[in-house]
Number of protein chains: 6
Amino acid sequence: MSPEITGYVMEKLFAHGALDVFLTPIFMKKGRAATKITVLCHADYRDRLIEMLLTETTTFGVRLSSATRVKLRRDFIQIETQWGPIQAKRGYLNGTLIKTVPEYEDCKRVAEENNVPIRDVYVETLRAITPLTTQNHSAHR
Amino acid sequence: MSPEITGYVMEKLFAHGALDVFLTPIFMKKGRAATKITVLCHADYRDRLIEMLLTETTTFGVRLSSATRVKLRRDFIQIETQWGPIQAKRGYLNGTLIKTVPEYEDCKRVAEENNVPIRDVYVETLRAITPLTTQNHSAHR
Amino acid sequence: MSPEITGYVMEKLFAHGALDVFLTPIFMKKGRAATKITVLCHADYRDRLIEMLLTETTTFGVRLSSATRVKLRRDFIQIETQWGPIQAKRGYLNGTLIKTVPEYEDCKRVAEENNVPIRDVYVETLRAITPLTTQNHSAHR
Amino acid sequence: MSPEITGYVMEKLFAHGALDVFLTPIFMKKGRAATKITVLCHADYRDRLIEMLLTETTTFGVRLSSATRVKLRRDFIQIETQWGPIQAKRGYLNGTLIKTVPEYEDCKRVAEENNVPIRDVYVETLRAITPLTTQNHSAHR
Amino acid sequence: MSPEITGYVMEKLFAHGALDVFLTPIFMKKGRAATKITVLCHADYRDRLIEMLLTETTTFGVRLSSATRVKLRRDFIQIETQWGPIQAKRGYLNGTLIKTVPEYEDCKRVAEENNVPIRDVYVETLRAITPLTTQNHSAHR
Amino acid sequence: MSPEITGYVMEKLFAHGALDVFLTPIFMKKGRAATKITVLCHADYRDRLIEMLLTETTTFGVRLSSATRVKLRRDFIQIETQWGPIQAKRGYLNGTLIKTVPEYEDCKRVAEENNVPIRDVYVETLRAITPLTTQNHSAHR
């Protein structure tokens, strides 16, 4: 598969139900530098995504294995920053808030609109959150 | 395991029944840049290939997990090109021809014998195929 | 630098004059898995892009070295396919046409509009080109 | 997750019961160069290590799959070298000694104390072993 | 060179004057998965570090090229956090403070002593900094 | 460029004068997982190898930079082992023998002919060398 296609296939897999898709550089026989595509999906989407991999890429085979996923319970909040509201995703482990992560797309938009470094947008968004996640966190340990 | 050995072990695993072997660059504890060897095989070959990994490399352990494989039904055709016949592998999904891929070894031989770029050999071989794979493919969608 | 930012920085570097940008996975001291950003640009854009790297990422230093670039002379053609025209880039070495590569964005658009595999769009576009690039090529060898 | 943290998390996972931890460079959607952390552990440690991954990194999910492990039976010996004793790990397959690998920490200490290349310490340690591992090995083939 | 040695050599190069050292996974001829070591140093340390690479690794050759480095002017501050002081490195571009990065070793120590996630230590340290880096930054744009 | 071609191009570059060729996995814009080919050669071979890269791969440009190379002076010896003679390459730094590395092709041949692990062939070859390289080495430090 040519590199041009990896990005396209990744996008298309997401658009058709993949929970996650990532690429790993690998080395195959006869000196071939290649790319392994890993797709995570619910069983309902499996056949559709296998067909997509077989149709869109040059591969003649797809390997399947089952896995389970442990996820943080999550919700979203609006954080008020000097540039307006930015959404952040919060993760809870056994009912305790353990992380708050600003949404990339919001940070990107704000960084572009205000001509500031995206890193600063992240940091300022984290700074604007109260109360502290660590205080909550410590309280439950 | 020294890098010199990775190529050798890969070849030997294929020669003793591996369906596929590939190398992934990984980073281990204490700053070690290493290489993970992944081997795919039928259950019948498992013990033999595990022994080979344990014997040929410096590892003290091999991790096993089961996977299934979805494969395209495949056959081979001769394609007539300006440089003579080249074999190509064809893949069928649910009875429909969805891809025709020129065989690397044939393209390599032709490229060397005729002093032409291997990329041109691929393209010309694809061009020489009729009827179009996409026509078949569209017809079944 | 968090992974979220690599894609953003890459886009922004292209938008501000980079000729090419690519990421290489590297391993640093103390077990840090990191990403090296390589930027190619004309000297005129150098200071602007250095400032961007220093501002947008967590790095405290940028390494500079000079390189020259050998490029194929290039032009573009419209190729008529069953799905309408697709643009292709052609490359010339010492006046000889040596490659014709369909444009990714056009192939992507056609694949999406017609619900066909992008791989088929590439192949069909290559098939629709006449006269053969290899004939031209062989003639000059 | 920033690269700074990968080394820290790896160390901490080992300290809390991981049998093995390694990092794989991967490429995610939207141009993100990222790092996959793979942890191998006994089922008893699973929940603790999952919690650690969720708490210490920015991830919102951990993927689980089961694997078995084939290991060489192992013991340790002291090898006398010109720089004093160095420990080596020996591996047995079906009762036959098949490899003897000098311990890294011992080789490192000796190399530093004696100001010799670590590569020489390895080689000399291998040379000091008798009888030959290959003689044993050949005898059982 | 065996992977065991990469971490050792990296440490030793830093200890003898390297400004930076990093490892890149590469693929060589004959299927060899290998690791490229890149060392950055001032000219004064060049010969010593070349000798170290030739002595400590299995390589028979070292490639040299010159590069310049653009660096942020930097200083250090103590940041007061709920867990005590943490040092941070500040970077200045043309006299303007553009980034403040908590020191990894300090964050690691605090995380271990207080049994909190290192990610929280980073975030809290960033939160404790005033005035905002972005305010300074915006003012000069 | 498809992965099939990387191995072929690497071989061909070596056959036409490259001193070294290696592949590095990289990540380009638009989610493309790609492979960078690095070629080292004397100036005399430069134009020929650039033409080969432009002709054999899909690239439209090649980047050039100059580098020097520090090499160990080297010679070869025959080492007598239980399986017959094996050639080894020896490296000298400032007149001192600092390393002796068994030749891969010889070790591979011996391993295959005698059905022994290639790792054992390396180790036994190193064991068969006298006098010790480290003794020579230590004597000059």
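Please treat every number below as a calculation from the coordinates, not as lab data. Note that the structure is a prediction, hence the values are computed from the model and not measured. Ideal geometry is used to build each Cβ from the backbone, glycine not excepted, and the neighbour counts take in all protein chains shown.
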(request) Decide, for region A:51-118, between rounded, prolate and oblate: order the square roots of the alpha carbon gyration tensor eigenvalues as a ≥ b ≥ c, take rounded if a/c falls under 1.5, and otherwise choose prolate if a/b is larger than b/c, else oblate. (result) oblate
(request) Could you please state, rounded to a whole Å, how far the C-alpha centre of region C:2-56 is from the C-alpha centre of region E:1-27? (result) 23
(request) Calculate one ³J(HN,Hα) per residue across region A:64-79 by plugging θ = phi - 60° into the Karplus curve 6.51 cos²θ - 1.76 cosθ + 1.60, and present them in order as whole Hz with x for glycine and proline. (result) 10, 8, 9, 8, 10, 9, 9, 10, 6, 5, 9, 9, 10, 10, 8, 10
(request) Specify the residue with the greatest mean-square fluctuation among A:Gly61, A:Gly91, A:Gly17, computed from a Gaussian network of chain A linking alpha-carbon atoms under 10 Å apart. (result) A:Gly61
(request) Tell me, for the rotation carrying D onto C, which chain D residue has the beta-carbon closest to the axis and what that distance is in whole Å. (result) D:Pro25, 2
(message) Using a Förster radius of 60 Å, what is the FRET efficiency between F:Gln87 and A:Tyr92 based on their Cβ-Cβ separation? Nearest 0.05, please.
(response) 0.40
(message) Exceeding 22 Å between C-alpha atoms, which entries from my cross-link table qualify? They are B:Lys108/C:Lys99; D:Lys99/F:Lys108; C:Lys71/C:Lys99; B:Lys30/F:Lys36.
(response) B:Lys30/F:Lys36
(message) Looking at chain F as a GNM with Cα springs under 10 Å, which of F:Pro85, F:Pro25, F:Pro102 has the largest mean-square fluctuation?
(response) F:Pro25
(message) Just to be sure I understand: if I project the alpha-carbon convex hull of region F:1-110 onto a plane and average over all orientations, what area do I get in nm²?
(response) 9.8
(request) For E:Lys12, go through the aspartates and glutamates and keep the ones whose alpha-carbon is under 15 Å away, minus same-chain ones fewer than eight residues off. (result) D:Glu105, D:Glu112, D:Glu113, E:Glu4, E:Asp20, E:Asp47, E:Glu51, E:Glu56
(message) For F:Gln87, what residues show an amide H to amide H distance below 5 Å, using hydrogens built from the backbone and excluding near sequence neighbours?
(response) F:Ile79, F:Glu103
(message) I want to make sure I understand the PRE zone here: with the label point 7 angstrom from the Cα of D:Leu19 toward its beta carbon, which residues in region B:50-72 have backbone N atoms less than 13 Å away?
(response) B:60-65
(request) Treating only the Cβ atoms of Lys and Arg (+1) and Asp and Glu (-1) as charged, compute the dipole magnitude of chain B about its Cα centre; round to the nearest 20 debye. (result) 820
(request) Report, for F:Asp75, each distance to the same residue's label point in the other copies, shortest first and in nm; define the point 7 Å along Cα→Cβ. (result) 4.4, 6.1, 6.1, 6.4, 7.9
(request) Calculate how large, on average over all directions, the projected area of the Cα convex hull of the protein assembly as shown is; give the answer in nm² to one decimal. (result) 36.9
(message) Please compute the contact order of chain A in relative form: average sequence separation of alpha-carbon pairs under 8 Å and at least six residues apart, divided by the residue count, as a percent.
(response) 14
(message) For a quick check: with amide H placed at 1.01 Å from N, whose amide H comes under 5 Å from A:Lys36's, ignoring anything fewer than 5 positions away on the same chain?
(response) A:Thr24, A:Ile26
(request) Tabulate in residue order the Karplus-calculated ³J(HN,Hα) for region E:98-112, using 6.51 cos²θ - 1.76 cosθ + 1.60 with θ = phi - 60°, rounded to whole Hz; enter x for Gly and Pro. (result) 10, 7, 10, 10, x, 6, 4, 4, 5, 5, 4, 4, 5, 4, 5
(message) Below 8 Å, C-alpha to C-alpha, sequence gap of six or more: please give me the relative contact order for region B:9-55 in percent.
(response) 38
(request) Determine the shielding of peptide B:47-54 by partner chains: average, over its residues, the number of Cβ atoms on other chains within 10 angstrom of each Cβ. (result) 2
(request) Starting from a label point 7 Å past Cα on the Cβ side, list the distances from E:Leu64 to the same position in the other copies, nm, shortest first. (result) 2.2, 2.2, 5.3, 5.6, 5.9
(request) Calculate the mean, over all residues of peptide E:103-109, of how many other protein chain Cβ atoms lie within 10 angstrom of the residue's Cβ. (result) 3
(message) Run the label-point distances for A:Glu113 please: 7 Å along Cα to Cβ, every other copy, nanometres, shortest first.
(response) 3.3, 4.2, 6.5, 6.5, 7.5
(request) With a point put 7 Å past each Cα toward its Cβ, work out how far F:Leu64 is from C:Glu112 in nm, to one decimal. (result) 4.0
(message) Over all directions, the average projected area of the alpha-carbon convex hull for region E:1-55 comes to how many nm²?
(response) 3.9
